[in-house]
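Before any comments, here is the structure.
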Amino acid sequence: MQLDEGEAEVIVLADEMKADLVIMDERAGTTIIRAKLKSEVTGTIGILIMAKDIGLISQIRPLLDKMCQKGFWIDDDIYQLALNEAGEI
């Protein structure tokens, strides 16, 4: 698994802080965090769902669409799963 410098730094910091939750989108990094640190991991989409759950935003769909327009890749199944989790389908 190949990690970039930023992902590696997040893992080191999460380990040093004994973090309960780590935010990371890259699969290689999330695999390492779950296996070696035993921490929970969420990504950008998870943060958006949490923000909707606590009332900071009203919908995630427009934000997901804007992310895709800006080049953030979201698998179609993940996109649909996120909308379902957020109660938007």
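Each reported figure results from applying straightforward, stated rules to the coordinates on display, with no laboratory input. Since this is a predicted model, take the numbers as computed values, not measurements. Methodologically, a virtual Cβ is constructed for each residue, glycine included, from the backbone with ideal geometry; neighbour enumeration extends over all protein chains shown.
Brief remarks follow.
- Restricting region 29-45 to residues that are closer than 20 Å to Met67 by Cβ and assigned to a helix (DSSP H, G or I), the residue that is farthest from the chain's Cα centre (by Cα): Gly29
- Candidates Ile45, Ile54 - the one that is surrounded by 10 or more Cβ atoms within 10 Å (Cβ to Cβ) and β-branched (Val, Ile, Thr): Ile45
- Residue in region 46-61 that is among the polar types (S, T, N, Q) and assigned to a helix (DSSP H, G or I) present: no
- Where a residue in region 49-72 is of a type in the set (Phe, Trp, Tyr) and its partner, wherever it lies, is exposed (fewer than 12 other Cβ atoms within 10 Å of the Cβ), with Cβ under 9 Å and at least six apart: Phe72/Lys66
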